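Single-structure report; data block below.
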Amino acid sequence: MDHLRSPRSRRGFALAVPVVLSLTASLGFLPAAASAAPGAETAARDARAGRAADGPRLAYVVNTRTDRRTLAAVEHAVAGAGGTVVATYGKIGVIVAHSADPGFAAAMREVRGVQSAGATRTAPLTAAGTTDQGAAEPLSAEQAARTARASRAAGAGEPLEADQWDLRAIGADKAAKINPGSSRVTVAVIDTGVDDTHPDLAPNFSAAQSANCVGGTADTSEGAWRPYTAADYHGTHVAGEIAAARNGVGVAGVAPGVKVSSIKVSDPDNGLFYPENVVCAFVFAADHGVEITNNSYYVDPWLYNCMDDPDQRAIVDAVNRAQLYAQRKGTLHLASAGNSNHDLDSDAIVDDSSPDDSTPVTRTIDPHECYDVPTQLPGVVTVSATGVDEEKSYYSSYGKGVVDVAAPGGDGRYQIPDTPSKNGRILSTMPNDQYGFLQGTSMASPHAAGVAALLKSKYRHASPAVLQALLKAQADNPGCPGSYDQDGDGAQDATCEGGGRVNGFYGFGIVDALRAVK
């Protein structure tokens, strides 16, 4: 899941952004950046020329000042420009709107008080087909029986724990005996929904802090937070990695005593994570007392959002306002670094996957100017993935000054554990009371989120900044490898820069649950 930062997942983000970005919730003063998508200037010219004919109905974010007079005036201007207000987040100055006028965004940028405005997608608000989320490997009955026998022989607490090499890799099995985490701490899984009826998740699920944010508004009706179908398993898998209960059933999570909630943001038609949904999720989490969010995705439709494109700039602005609002209210965000094996500190990256809701256009971007959202937003903890040998997983993106910490995400190609199933991926919960293996930085981020939850359980009054510092302090850094030629062809598959304290592969190191509780 290169979109969800697991096999298909590209979701992951970093703290290393320009100082000017970290100083403001609005990105209206950022310098122009790298290559943008075509069409924005044409739309602006058409709008000025009065040629605003009917077009596809799209969603937009309009970012404004937060005073009531400005918000009211801009809402009125939305209607005047042929749009409809879907939701207004007055505390952060973000208005979600729909319009079929191709000149809508350009017209809104001319409105007094509007600081940025742009489309959040490049395809109409209709079904865009399905999106492959990567192949999960279900745990067979034969594997489960073999693993259960091995777990009993090893004295493991959960029947399938013998296959959970990831827990042992970060000392989470031992940490649970000291402090499994507090039920007063909640980690919100911003994802494809969570099956809270699963026996490993039901004991720790917080329905009061769960919602469906698809469309940009929060639906808190019973079960709205659940996955659409069993194929939307990503969020359920992530939730189990964080907080599957130690109840003698199935698997265990890194922090089996904390609460987990679900904020569903995936589009029902194509599985994508659109900006207005993520804005809603961050604000909802903040307003409902969530201490930590896990973000194993990137915001669609752009893998990297370039600041010289007005639409992409508006996306960065809106999501950044929402996540900073949550930080100010005490919420720490963790996000996956991505599965493209990209160096996020390099001079140039070829992006041939954006936009992913219509026809992608190959472009070369500068990751210092075009941002992976939310991973490269200020204050967000970016997590890279490792395998059982504590090496960077072959798919994991990386980058000095971008990656903050690393965590087990699995590597079924080069790092195979000596477990009953001999599977280098991560075993966790699946919808309909099932279990399965997945790999990706999507799996690394929830491991780090679980450790952060253990730290928050111990240091209840720690701010997001202090909690992030504690997370980095307890991490164990193996240092850059002498060689990273995993396929043995004589060429380096990635280059690690930095030293034993901080480097591009691991950031400050691999998280350590046992050290966190001690």
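Read the figures in this text as sums done on the coordinates, not as results from a lab. Keep in mind that what you see is a predicted model, and the values were worked out from it rather than measured. Because the Cβ atoms are built from the backbone with ideal geometry, glycine has one as well, and the counts that use them run over all protein chains shown.
Brief remarks follow.
- For the chain, the antiparallel share of DSSP beta bridges with both residues in that region comes to about 60%.
- Segment Asn432-Glu110, extension gain: residue separation times 0.36 nm, minus the distance between their alpha carbons: 110.9 nm
- Once exposed loop chymotrypsin sites (Phe, Trp or Tyr not before Pro) are cut out (DSSP; at most 14 other Cβ, 10 Å), longest piece of the chain: 30-458
- Computed P(r) (all Cα pairs; the range 394-518; 10 Å bins; percent): 13, 36, 35, 14, 2, 0
- Using only the C-alpha atoms, the convex hull of the range 327-480 corresponds to 164 Å³ per residue.
- Candidate membrane-span-like segments in the chain, meaning DSSP H helices with Cα atoms spread over at least 24 Å of their own axis and a Kyte-Doolittle mean of -0.5 or above, are 441-458, with no membrane implied.
- Taking 7 Å steps out from each Cα toward its Cβ at Ala79 and Glu497 produces label points 5.3 nm apart.
- Measuring against 29 Å, Cα to Cα, the residue pairs Lys264/Lys400; Lys259/Lys518; Lys174/Lys329; Lys264/Lys456 contain Lys264/Lys400; Lys174/Lys329 as the ones spanning a longer distance.
- FRET E, pair Ala473, Arg328, Förster distance 30 Å, beta-carbon r, rounded to 0.05: 0.85
- Percent of C-alpha pairs per 10 Å bin, the range 81-182, short to long: 11, 24, 13, 10, 20, 18, 4
- For the chain, the fraction of C-alpha pairs farther apart than 46 angstrom is 8 percent.
- Over the range 178-272, equivalent-ellipsoid semi-axes from the Cα gyration tensor in Å: 23, 14, 10
- In the range 299-355, Cα pairs under 8 Å separated by at least six residues give a relative contact order of 50 percent.
- Using C-alpha pairs below 8 Å separated by at least 6 residues, the relative contact order for the range 231-388 is 21 percent.
- Average Cα contact separation per residue, the chain, under 8 Å, 6 or more apart, as relative contact order %: 21 percent
- Modelled label reach - Asp287, point 7 Å along Cα→Cβ, the range 215-251 residues with backbone N closer than 18 Å: 215-222, 224-225
- The range 232-272, Cα convex hull volume normalised per residue, Å³: 67 Å³
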